[in-house]
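Working notes for the structure below.
Nothing in this text is a laboratory measurement; each read-out follows from the coordinates by a stated rule. Computed from a prediction, not measured in an experiment: that's the story for all the values here. Cβ atoms come from the backbone with ideal geometry, glycine included; neighbour counts cover every protein chain shown.
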Amino acid sequence: MSESAIALNRFGIGARPDDPAPTNPKRWLIDQFDRYEPRPAVWAALPPIAQLADDYAQVRMEVRQAPKDDPAKKDARKEMRRDARQNYQDAVNARAASALTAAAPFVERLVWFWANHFAVSADKATVVPFAGNFEAEAIRPHVLGRFEDLLLAAERHAAMMLYLDQAQSIGPDSIMARRAAMNNPGRQRGLNENLAREIMELHTLGVRTGYSQADVTEFARALTGWSVGGLGRGGGRPGGPNQGDPGEYLFRPGLHEPGARTIMGRSYTQVGEAQAEAILHDLAVAPATARHIATKLARHFVADDPPPALVDRLSAAFLQSGGDLPKVYRVLIDAPEAWAAGASKFKTPWEWSISAMRGIGMREIGQMQVAPMLNQLGQPVWRPGSPAGFDDVAASWAAPDALVRRVEVAQRFAQRVGDRLDARKLGATLMPGTIAPATEQAIGRAESPVTGLALLLVSPEFQRR
Amino acid sequence: MMIRRQFLRFSAIGAGALLVAPRLALAAAQTDRRFLFVIQRGAADGLNTVIPYADPAYAQLRGALAIDPTTATKLDAQFALHPSLVEIGKMHGAGQALFVHAVASPYRERSHFDAQNVLETGGTAPYRLRDGWLNRLTGMMTAQKEEAIAFAPTVPMALRGPADVTSYAPSALPQATDDLLARVGDLYTEDAQLDPLWRSAMATRGMAGENGPKQDPASLGKLAAGFLAKPDGPRIAMIETGGWDTHSGQAGRLAAQLKALDVMLANLRDGLGPVWNDTVVLVATEFGRTAAANGTGGTDHGTGSAAMLIGGAVKGGRVVADWPGLAQANLLDGRDLKPTAQLDALIAGAAGETFGIDPPRVARTLFADAVPRPMTGLVRT
């Protein structure tokens with residue numbers, strides 16, 4: 001792989017037929033920091049969180065209020081699911097559309113990386129309408145900022161708080177819990193430690209880095225009161241007169257567990273929402289966090305088994321800069337390990353489909369529905385099976401059936417444009433200096449231009465970055 | 001489909017392959033038994049699956065989440081089955097389902113991902129081993145290739161490793177032309193990673209036959225039965241199920257999850273016909289959930305859970321449990337069902353007895369880090 005092919009594919013998200021090969025690949029990458037658009041038009045056209053939350057709360061209310069066994073209840077429920085799915089699919093289409101013409105493809109890749117690091121999953125019904133907004137509002141504006149700000153934005157977004165049950169967590173000794181216990185002693189209300197655990201295990205420190213079950217529980221207590229406005233019960237429980245702005249982060253003091261907390265030997269005496277903020281601040285700059293993030297970045301950009309020396313350097317840059325992300329990315333760009341010629345990363349289904357769509361020159365997605373296609377390819381967008389997000393190693397994606405699906409999709413893509421693009425020349429544009437003679441020969445011998453293009457899209461070279 | 005498979009033998013493997021044992025040699029497997037591993041990802045709640053209704057602490061710990069034993073299928077004087085498991089209840093009645101309770105892998109922390117890695121690799125610590133126990137079991141089989149299959153688009157950790165395995169999941173995409181498939185086979189010939197994957201995919205497609213593109217639990221059960229019933233089909237298989245992580249709103253979600261499992265296994269049984277008598281299905285999860293309900297109508301990450309052995313070859317109709325009790329003093333760390341049985345011992349015993357391979361040898365091969373003493377008397381011999 002040539003350096004320009006590496007810049008376009010390993011750091012970027014795949015070239016377009018009319019992209020000139022970058023003459024100074026490192027410069028080309030760094031310059032993208034100034035060109036990145038956090039809110040391009042296709043994203044801006046999606047409904048804002050307030051509208052999503054309002055609509056959602058309203059149909060939920062209709063569902064709840066319709067009398068049991070009334071056909072109207074069934075209809076309302078159906079409508080709720082349909083609306084949620086529509087919001088989700090529109091957002092998936094926007095994600096793909098913005099990638100087709102991205103002004104800063106390297107930063108676009110970073111958006112995908114971070115959205116997967118802070119994974120929310122539309123496997124949970126309440127998350128479905130908000131998954132796209134999570135990426136738009138919590139991830140996109142912060143990928144070139146400080147890790148701490150990204151962390152805070154991600155944990156406070158409605159999608160994350162609903163996904164990891166934070167919106168329902170109640171301090172056992174909070175005002176609300178006491179009042180509720182008096183009114184209705186039978187019902188249980190209390191703590192949910194899901195978000196606290198995943199923040200420590202997945203988002204910051206990493207698993208097996210020295211925190212205990214007691215630390216998780218203490219952190220969960222500190223997080224009580226962090227909630228979502230305007231969604232009522234099930235989203236956030238009613239916390240008094242202040243219901244907040246629909247879908248926005250809302251601190252409900254009545255749910256907060258009073259008292260100081262001790263986490264990993266450090267004491268947090270802050271009152272209210274500032275307590276969890278202080279804990280998140282410490283987690284954001286902890287050495288274990290630096291190493292965790294460094295390892296994941298090195299795995300994403302360099303190799304399934306990240307080179308230890310590179311992890312050390314990335315980790316040091318993270319710590320020295322207090323989590324200033326562009327400083328960390330610059331170390332990555334400067335890393336000789338990242339410019340090694342052999343393509344070591346097998347593309348995920350998402351990476352492969354976007355690079356294929358870019359490769360055949362698509363500028364907009366038109367009538368295409370991206371979400372069902374990614375389901376078929378085995379990586380449903382914003383729907384990883386767990387809060388750990390999708391795996392970032394070849395063993396998870398290079399599988400017999402998965403390859404056949406790519407061939408099926410490649411054939412469909414090629415049928416769209418196969419008569420307009422010359423696959424024999426396109427390979428050198430998309431992956432300068434990369435295509436092996438055997439691949440060139442196979443493409444050249446194909447029975448039709450369409451088959452030739454499909455072969456290019458599933459070639460060993462194109463499957464990797 | 002046959003055309004595609006034949007084409008593959010000529011072009012992708014090459015003419016030389018015709019001199020090697022053909023794929024139909026699978027029929028020469030030393031056993032006609034089938035072993036299917038169903039993983040429940042997300043820590044399934046064993047206490048509400050196989051309900052210890054006679055334990056006085058159960059109803060108290062679970063509160064509103066406790067299953068009313070009058071609605072559940074009684075298994076014996078101590079345990080009852082979740083009401084969603086209608087068909088599995090019938091299998092129990094027919095002596096074809098066995099439940100092991102208070103069981104756990106060697107893992108004692110609370111991370112799903114680490115725990116699944118331990119369960120699937122058969123190691124004692126996460127990420128120490130690079131291959132899975134189901135793949136090592138596949139390596140112990142006498143037949144040649146395509147002995148094992150995952151009904152999923154990709155290969156799960158338990159099946160990854162040196163032994164050749166394949167994967168299949170129905171697809172709703174329009175099929176690629178035979179010409180393109182053949183050319184892709186040629187294109188991958190020199191690629192050490194893609195070539196074996198592609199060959200395996202083409203062979204599996206040939207076996208899938210007329211199965212439709214549906215992905216619901218009933219179709220999945222039928223699909224698996226279609227593969228496993230074939231005389232030259234795989235003998236080892238794996239199915240992944242997700243969605244068992246119930247931190248909130250557990251009652252409805254667990255009922256739906258168990259219903260899906262029940263439907264899938266019933267369709268597997270029906271689809272297998274007489275082959276069901278040669279089948280053993282292991283259903284297991286990475287760890288259990290807290291003994292007490294949490295504050296949001298769910299349960300959190302725990303330790304001990306329940307596993308199932310299901311199939312016509314199982315010596316079923318019983319619950320195997322050295323019940324530790326749910327009184328506060330008997331809980332692990334004051335919050336979890338204390339494990340008294342080893343999942344590894346269950347796996348080694350069940351796999352060994354299923355295939356008639358000496359279970360201690362299976363235990364050594366599958367669990368080299370800490371060799372368990374296999375459980376015995378699980379499967380008809």
Once normalised by the length of chain A, the mean sequence separation of its alpha carbon contacts under 8 Å that are 6 or more apart gives a contact order in percent of 21
Over chain A: Rg over Rh, Cα atoms, Kirkwood Rh
1.01
What is the projected area of the convex hull of the Cα atoms of the stretch A:1-127, averaged over all directions, in nm²?
10.1
Can you check how the C-alpha radius of gyration of the stretch A:43-117 compares to 2.2 N^0.38 Å, as a plain ratio?
1.50
Of the listed peptides A:94-105, B:284-295, what is their order by residue-averaged count of other C-beta atoms within 10 Å, with the highest listed first?
B:284-295, A:94-105
Assuming 0.36 nm per residue, please report the length gained on full extension of the stretch A:Glu248 to A:Asp419 beyond their Cα-Cα distance.
56.7 nm
Taking the alpha-carbon set of the protein assembly as shown, what are its Rg and Dmax in Å?
27.0, 81
For the protein assembly as shown, give me the percentage of DSSP beta bridges that are antiparallel, rounded to the nearest 5 percent.
50
What is the average number of partner chain Cβ atoms found within 10 Å of a Cβ in A:392-400?
6
Given unit charges at Cβ for Lys, Arg (+) and Asp, Glu (-), the dipole magnitude of the stretch B:69-206 about its Cα centre in debye, nearest 20, is 580
Diagonalise the Cα gyration tensor of the stretch B:180-260 and give the resulting equivalent ellipsoid semi-axes, square root of 5 times each eigenvalue, largest first, whole Å.
34, 17, 11
Please give every one of the lysines within straight-line cross-link reach of B:Lys315, meaning a C-alpha to C-alpha distance under 22 Å, and leave out same-chain neighbours fewer than 8 residues apart.
B:Lys74, B:Lys90
For the stretch B:130-252, what are Rg and Dmax over the alpha carbons, in angstrom?
16.1, 53
In chain B, what percentage of the DSSP-assigned beta bridges are antiparallel, given to the nearest 5?
40
Just to be sure I understand the rule: take each whole DSSP H helix in chain B, project its Cα atoms onto its long axis, keep it if the span is 30 Å or more and its mean Kyte-Doolittle hydropathy is at least -0.5. Which ones pass?
B:250-272
Evaluate chain B: find the radius of gyration of its Cα atoms, find its Kirkwood radius, and give the ratio Rg to Rh.
0.99
Count of Lys pairs (Cα-Cα under 19 Å; at least 8 positions apart or interchain) in chain A:
6
Please tell me the relative contact order of chain B in percent, rounded to the nearest whole number, where contacts are Cα pairs under 8 Å and at least six residues apart.
28
For the stretch A:104-116, Karplus couplings with θ = phi - 60° (6.51, -1.76, 1.60), whole Hz, Gly/Pro x
10, x, 4, 6, 4, 4, 5, 4, 4, 4, 6, 4, 7
What are the semi-axes of the equivalent ellipsoid for the stretch B:258-381, taken as the square roots of 5 times the Cα gyration tensor eigenvalues, largest first, in whole Å?
28, 21, 12
In degrees rounded to 10, the 0-90 angle between helix A:349-359 Cα long axis and the longest Cα principal axis of chain A is 50
Would you mind giving the three semi-axes, in whole Å and largest first, of the ellipsoid equivalent to the stretch B:83-176 according to its Cα gyration tensor?
25, 23, 16
Compute the FRET efficiency between A:Glu37 and A:Gln369 as 1/(1 + (r/R0)^6), taking r as their Cβ-Cβ distance and R0 = 35 Å, and round to the nearest 0.05.
0.90
From the Cα trace of the stretch A:178-233, what convex hull volume per residue do you get, rounded to a whole Å³?
110
For A:115-122, what's the mean count of beta carbons from other chains sitting within 10 Å of each residue's beta carbon?
0
Within 10 Å of each Cβ in B:241-251, the average number of Cβ atoms from other chains
4
Which of B:Arg205, A:Arg81 has the fewest Cβ neighbours within 10 Å, and the rest in rising order
A:Arg81, B:Arg205
Most exposed first by the Cβ proxy, i.e. fewest other Cβ within 10 Å, how do B:Thr303, B:Thr73 rank?
B:Thr73, B:Thr303
Provide Rg over Rh for the stretch B:209-331; use the alpha carbon set for both Rg and the Kirkwood Rh (inverse mean inverse pair distance).
1.04
Please compute one quarter of the surface area of the Cα convex hull for the stretch A:349-458 and express it in square nanometres.
7.6
Please report A:Met182, A:Met61 as a ranked list, fewest other C-beta atoms within 10 angstrom at the top and most at the bottom.
A:Met182, A:Met61
Within the stretch B:58-140, trypsin sites (Lys or Arg not before Pro) in DSSP loop having at most 13 other beta-carbon neighbours inside 10 Å:
B:Arg128, B:Arg130
Relative intensity, log₁₀ I(q)/I(0), of the stretch A:232-385 from a Debye sum that treats every alpha carbon as a point, q = 0.13, 0.21 Å⁻¹
-0.96, -1.17
By the Kirkwood definition, with r running over pairs of different Cα atoms, the stretch B:30-154 has a hydrodynamic radius in Å of 17.4
